[in-house]
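Q: The structure under discussion is supplied below as structure tokens; questions concerning it will follow.
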Amino acid sequence: MAEEKIEETIEGSADPAARYMLEKAREANIETGWDRFAAMQDVCAFGDLGLCCRNCMLGPCRIDPFGEGPQKGICGISSDGMVARNLCRMVAAGTSAHSDHGFHILEVLERINAGEKSNFKIKDKEKLGRVVQQLGLKKDGKSGKDVVGRLIAKVREAYFGSDGTCDWLARTIPKARLERLQNLQLLPSGIDPVIRETMHRTHMGVDADPLNLLLGAIKCSISDFLGMDIASNLSDIILGTPKPTFSEANLGVLDADAVNVAVHGHNPLISESILQTVPEFEEKAKKAGASNGINIVGVCCTGNEVLMRHGIPLATNVSSQELVVLTGALEAMVVDMQCVMPSLANLCECYHTELITTMSIAKIPGAKHFEFDPANARESARKILETAVGQFEKRDPKRVDIPSMKSETLVGFTPEAVLSVLEKVNPDDPLQPFVEKIAAGDIYGIVLFVGCNNYRVVQDSSFLAIAEKLAADNVLMLATGCAAGAFAKRGFLSPQATQEICGSKLAKVLEDLGKAAGLDRPLPPVWHMGSCVDNSRAARLAFALANKLNVDVDKLPVVASAPEAMSEKAIAIGTWAVALGFTTHLGVAPPILGGKVVTKILTETTKELLGSCFIVETDPTFAYQKIKETLTEKRVGLGLQK
Ligand code: BF8
């Protein structure tokens with residue numbers, strides 16, 4: 001691809017491969033998310049500000065932010081009440097998505113433990129041991145089956161509620177934070193009860209008090225953390241805990257000489273079954289003319305799951321999911337749940353690509369549906385791969401156009417992986433050298449980048465702009481979900497980026513850690529922690545630091561940032577991040593600005609209550625400054641050098 005062609009292309013993305021494909025889509029008159037976003041402008045200002053309610057059939061009601069039209073809903077709800085109620089429902093929806101994800105994994109663990117037919121087994125017994133120990137489920141001479149049974153009962157209790165505080169939370173969150181949340185009565189008894197309560201309190205004629213509603217949203221969001229933490233831990237037990245692994249990212253990972261299959265969504269079990277089944281189809285693919293056999297690539301968070309567990313390359317993140325099809329080299333787009341654009345069906349019709357849905361709750365008109373059945377996962381995977389190989393023969397080689405861009409990535413920095421590297425430096429007290437580096441300012445602070453792309457922002461641009469500045473200031477970064485995708489594509493997850501973007505102090509730390517890890521290269525400036533549910537891993541790393549320093553989480557020089565947030569899940573994550581003590585930057589204004597009181601509570605008052613708050617800042621330069629100021633404030637609070 002000629003370099004000048006990239007320069008000429010429209011500015012929808014900071015990712016040159018995406019820009020190239022967008023230009024191609026324009027030339028071919030093929031619609032993408034960017035076009036639909038443009039067609040949707042100007043977006044409804046009432047909805048944008050959170051001032052639109054359709055929770056009952058009196059309305060829909062819209063409150064005029066300029067004071068000329070109605071100032072209350074028909075029921076009499078105030079603008080702040082309406083905004084808070086809407087936000088509450090977004091948090092409940094995000095919480096339900098993450099916790100349902102975790103529940104699917106739990107059901108498979110139950111199947112395994114009951115000895116029922118399944119293509120899965122307990123792969124990581126060490127992780128099982130750690131989880132069981134942390135939950136206080138001692139073996140007491142019991143069989144492994146009994147221990148897993150007790151774990152299952154504990155997880156069911158986390159879902160369906162217990163008397164008092166959920167035990168999983170009580171044994172995970174640092175003591176000072178737990179007490180703070182307990183005093184504010186913000187700890188849920190379980191996931192399902194708090195979602196039920198949240199949906200109820202936001203029904204017509206129930207909670208109309210903005211502060212009370214927001215406290216309800218915070219309580220619900222803590223269940224979001226719980227569901228995510230369960231999902232990550234149970235996934236590790238069944239599929240293995242990720243370890244640092246090299247791979248590649250961006251559209252250049254598609255292979256013109258292979259049957260290309262993209263796995264997209266969030267459920268790690270379906271993609272795992274496909275990977276297990278690939279060897280059966282390599283020869284068939286070659287016979288069909290694909291000399292390199294089968295090439296699996298990832299998209300979004302399913303992509304992150306297979307990237308960190310198997311080194312499967314990541315094709316792209318959420319905004320550019322359609323562009324994978326536009327390469328003309330994709331035989332099957334296999335989707336499970338969440339963040340999958342229904343538009344893929346129309347796009348696949350323009351090519352030979354088969355869109356395959358796999359979950360009963362996530363069907364798309366125009367797609368082939370092969371239901372994922374944990375009892376017979378290999379059979380579902382066989383059908384998928386058989387279809388993909390069949391589609392290869394229908395591929396039009398003249399339409400194949402794969403951008404060459406791809407970047408090296410080093411991924412899989414789970415807390416376990418981080419600790420095992422640190423153990424090489426100090427086996428007796430692994431966190432000590434890390435804490436010393438923070439104290440000395442060699443690591444100025446830690447920023448966790450989370451969340452999506454949003455067409456309101458030039459794709460990936462805010463992530464990259466903020467991260468580049470922070471790295472130069474010796475700030476270590478963690479990333480999950482589509483944030484990790486943005487960094488992966490640009491090469492920020494590669495050891496090479498350490499020399500290119502880090503300040504000298506951080507670069508030295510990462511070089512030393514790279515040596516300790518047995519690499520002849522530094523660790524990257526951004527540590528990939530996994531998919532969106534794995535934000536709980538990042539929180540656990542921060543919890544370990546808080547416990548080590550014997551301080552509450554809000555005292556740590558750790559900030560979260562979602563510069564391109566889009567989904568309800570991102571809203572839920574941001575809310576629990578604040579609840580757990582992490583000041584959190586949002587680069588896209590959530591639909592709350594129509595409520596002055598709500599905005600003040602979330603950006604100021606929570607600081608008094610929780611020691612942390614939201615920073616809403618759409619400009620990446622100002623966002624960087626505010627994040628840096630927060631890190632400085634926390635350092636000063638700990639008595640460290642600015
Ligand atoms: O869960 S970051 S767009 S893919 S919601 Fe979705 Fe947002 Fe991406 Fe993963 Ni998370």
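Q: If you check Ala84 against the conditions, is it buried (at least 22 other Cβ atoms within 10 Å of the Cβ), of a type in the set (A, V, I, L, M), in contact with a strand residue (DSSP E or B) (Cβ under 8 Å, 6 or more places away or on another chain) and modelled with pLDDT of 95 or more?
A: Values: buried (at least 22 other Cβ atoms within 10 Å of the Cβ): yes; of a type in the set (A, V, I, L, M): yes; in contact with a strand residue (DSSP E or B) (Cβ under 8 Å, 6 or more places away or on another chain): no; modelled with pLDDT of 95 or more: yes.
Taking the combined requirement at face value, the residue does not satisfy it.
Q: Would you confirm whether any residue within the stretch 494-508 is touching a residue at least 12 places away in the same chain (Cβ under 8 Å) and within 15 Å of the ligand (Cβ to nearest atom)?
A: no
Q: Tell me the residue from Ser420, Ser404 that is farther than 30 Å from Ile112 by Cβ, at pLDDT 95 or above and within 28 Å of the chain's Cα centre (by Cα), please. Spell out how you get there, then give the answer.
A: Numbers: Ser420 fails: farther than 30 Å from Ile112 by Cβ.
The conditions single out Ser404.
Q: Among Ala249, Ala262, which is at pLDDT 95 or above, within 30 Å of Val389 (Cβ to Cβ), touching a Pro at 6+ places or on another chain (Cβ under 8 Å) and hydrophobic (A, V, I, L, M, F, W, C)? Talk me through it step by step, then tell me what you get.
A: Values: Ala262 fails: touching a Pro at 6+ places or on another chain (Cβ under 8 Å).
After ruling out the rest, the residue left standing is Ala249.
Q: Asn119 versus (1) farther than 25 Å from Ile573 by Cβ; (2) touching a helix residue (DSSP H, G or I) at 6+ places or on another chain (Cβ under 8 Å); (3) in a helix (DSSP H, G or I): which is the lone unmet condition?
A: Evaluating Asn119 over (1) farther than 25 Å from Ile573 by Cβ; (2) touching a helix residue (DSSP H, G or I) at 6+ places or on another chain (Cβ under 8 Å); (3) in a helix (DSSP H, G or I) leaves (3) as the failure.
Q: What tally of residues in the stretch 164-182 results from selecting those that are closer than 14 Å to Lys154 by Cα, assigned to a helix (DSSP H, G or I) and of a type in the set (Lys, Arg)?
A: 0
Q: Another question, then. Of everything in the stretch 519-537, what is within 16 Å of the ligand (Cβ to nearest atom), out of contact with any Lys or Arg (no Cβ under 8 Å at 6 or more places or on another chain) and outside any helix (DSSP H, G or I)? Give them in sequence order.
A: Of all residues in the stretch 519-537, those within 16 Å of the ligand (Cβ to nearest atom) come to 526, 528-537.
Subsequent filtering for residues that are out of contact with any Lys or Arg (no Cβ under 8 Å at 6 or more places or on another chain) retains 526, 528, 531, 533-537.
Those that are within 16 Å of the ligand (Cβ to nearest atom), out of contact with any Lys or Arg (no Cβ under 8 Å at 6 or more places or on another chain) and outside any helix (DSSP H, G or I): Val526, His528, Ser531.
Q: For the stretch 565-589, how many residues meet the condition of being part of a loop (DSSP other than H, G, I, E, B) and either charged (D, E, K, R) or within 14 Å of the ligand (Cβ to nearest atom) (or both)? Walk me through how you get there before you give the answer.
A: Pass one, the stretch 565-589, residues part of a loop (DSSP other than H, G, I, E, B): 565-567, 580-582, 587-589.
Filter again for either charged (D, E, K, R) or within 14 Å of the ligand (Cβ to nearest atom) (or both), leaving 565-567, 587-588.
Residues flagged as part of a loop (DSSP other than H, G, I, E, B) and either charged (D, E, K, R) or within 14 Å of the ligand (Cβ to nearest atom) (or both) within the stretch 565-589 amount to 5.
Q: OK, next. Quick test for you: out of Asp619, Asp554, pick the one residue that is more than 16 Å from the ligand (Cβ to nearest atom), closer than 27 Å to Ala465 by Cα and free of Cβ contacts under 8 Å to residues at least 12 places away in the same chain.
A: Going through Asp619, Asp554 in turn, the sole match is Asp619.
Q: Any residue at all in the stretch 92-103 that is touching a residue at least 40 places away in the same chain (Cβ under 8 Å), buried (at least 22 other Cβ atoms within 10 Å of the Cβ) and more than 28 Å from the chain's Cα centre (by Cα)?
A: No, that holds for no residue.
Q: Among the listed residues Ala249, Ala256, Ala262, identify the single one that is more than 16 Å from the ligand (Cβ to nearest atom) and either of a type in the set (Gly, Ala, Ser) or under 18 Å from Leu330 (Cα atoms) (or both).
A: On the way: Ala249 fails: more than 16 Å from the ligand (Cβ to nearest atom); Ala262 fails: more than 16 Å from the ligand (Cβ to nearest atom).
From the options Ala249, Ala256, Ala262, the qualifying one is Ala256.
Q: Report yes if some residue within the stretch 403-419 is in contact (Cβ under 8 Å) with a residue 12 or more places away in the chain, within 16 Å of the ligand (Cβ to nearest atom) and at negative phi; otherwise report no. Talk me through it step by step, then tell me what you get.
A: Our first condition is that a residue be in contact (Cβ under 8 Å) with a residue 12 or more places away in the chain; within the stretch 403-419, this holds for 403-419.
Restricting the remaining residues to those that are within 16 Å of the ligand (Cβ to nearest atom) gives 411.
This time we only want the ones that are at negative phi, so: 411.
Yes, the stretch 403-419 has at least one match.
Q: What's the number of the only condition in (1) of a type outside the set (Ser, Thr, Tyr); (2) touching a strand residue (DSSP E or B) at 6+ places or on another chain (Cβ under 9 Å); (3) touching a residue at least 60 places away in the same chain (Cβ under 8 Å); (4) more than 13 Å from the ligand (Cβ to nearest atom) that Gly328 fails to meet?
A: (2)
Q: Still on this structure, please answer the following. Kindly list the number of the only condition in (1) part of a loop (DSSP other than H, G, I, E, B); (2) surrounded by fewer than 16 Cβ atoms within 10 Å (Cβ to Cβ) that fails for Phe37.
A: (1)
Q: Does Ala472 satisfy the criteria of being out of contact with any Leu (no Cβ under 8 Å at 6 or more places or on another chain), over 22 Å from Asn250 (Cα atoms) and more than 16 Å from the ligand (Cβ to nearest atom)? Show your work before the answer.
A: Numbers: out of contact with any Leu (no Cβ under 8 Å at 6 or more places or on another chain): yes; over 22 Å from Asn250 (Cα atoms): yes; more than 16 Å from the ligand (Cβ to nearest atom): yes.
Against the criterion (out of contact with any Leu (no Cβ under 8 Å at 6 or more places or on another chain), over 22 Å from Asn250 (Cα atoms) and more than 16 Å from the ligand (Cβ to nearest atom)), Ala472 qualifies.
Q: Just one of Ala562, Ala546, Ala516, Ala542 is among the aliphatic types (A, V, I, L, M), surrounded by fewer than 18 Cβ atoms within 10 Å (Cβ to Cβ) and either in contact (Cβ under 8 Å) with a residue 60 or more places away in the chain or more than 12 Å from the ligand (Cβ to nearest atom) (or both); which is it?
A: Ala516
Q: To continue, here is another question. If only one of Leu137, Leu186 is among the hydrophobic types (A, V, I, L, M, F, W, C) and in contact (Cβ under 8 Å) with a residue 24 or more places away in the chain, which one is it?
A: Values: Leu137 fails: in contact (Cβ under 8 Å) with a residue 24 or more places away in the chain.
Only one candidate passes the filter, namely Leu186.
Q: Another question about this same structure. Across the stretch 135-169, what is the total count of residues that are within 17 Å of Asn547 (Cβ to Cβ) and exposed (fewer than 15 other Cβ atoms within 10 Å of the Cβ)?
A: So the count comes out to 1.
Q: I'd like to check something: does the stretch 210-218 contain any residue that is assigned to a helix (DSSP H, G or I), out of contact with any Gly (no Cβ under 7 Å at 6 or more places or on another chain), buried (at least 24 other Cβ atoms within 10 Å of the Cβ) and polar (S, T, N, Q)?
A: Taking every residue of the stretch 210-218 in turn, none turns out to be assigned to a helix (DSSP H, G or I), out of contact with any Gly (no Cβ under 7 Å at 6 or more places or on another chain), buried (at least 24 other Cβ atoms within 10 Å of the Cβ) and polar (S, T, N, Q).
Q: Among the residues in the stretch 274-288, are any within 13 Å of the ligand (Cβ to nearest atom) and either in contact with a Ser or Thr (Cβ under 8 Å, 6 or more places away or on another chain) or touching a residue at least 60 places away in the same chain (Cβ under 8 Å) (or both)? Show your work before the answer.
A: Taking the stretch 274-288 and keeping what is within 13 Å of the ligand (Cβ to nearest atom), we get none.
No: zero hits.
Q: Hey, does the stretch 37-52 have a residue that's hydrophobic (A, V, I, L, M, F, W, C) and farther than 30 Å from Glu11 by Cα? Quick ask: steps written out before the conclusion?
A: Our first condition is that a residue be hydrophobic (A, V, I, L, M, F, W, C); within the stretch 37-52, this holds for 37-40, 43-46, 49, 51-52.
Pick out the ones that are also farther than 30 Å from Glu11 by Cα and you get 51-52.
So far as the stretch 37-52 goes, yes, one or more of its residues are hydrophobic (A, V, I, L, M, F, W, C) and farther than 30 Å from Glu11 by Cα.
Q: While we're here: Could you list, in sequence order, all residues of the stretch 592-636 that are of a type in the set (A, V, I, L, M), under 17 Å from Asn474 (Cα atoms) and either assigned to a strand (DSSP E or B) or within 22 Å of the chain's Cα centre (by Cα) (or both)?
A: Correct list: Ala623, Ile627.
The values are calculated or read from the model by the stated rules, or taken from the named source; none is laboratory data. All values derive from a computational prediction rather than experimental measurement. Note that each Cβ is placed from the backbone with ideal geometry, even for glycine, and that neighbours are counted across all protein chains shown.
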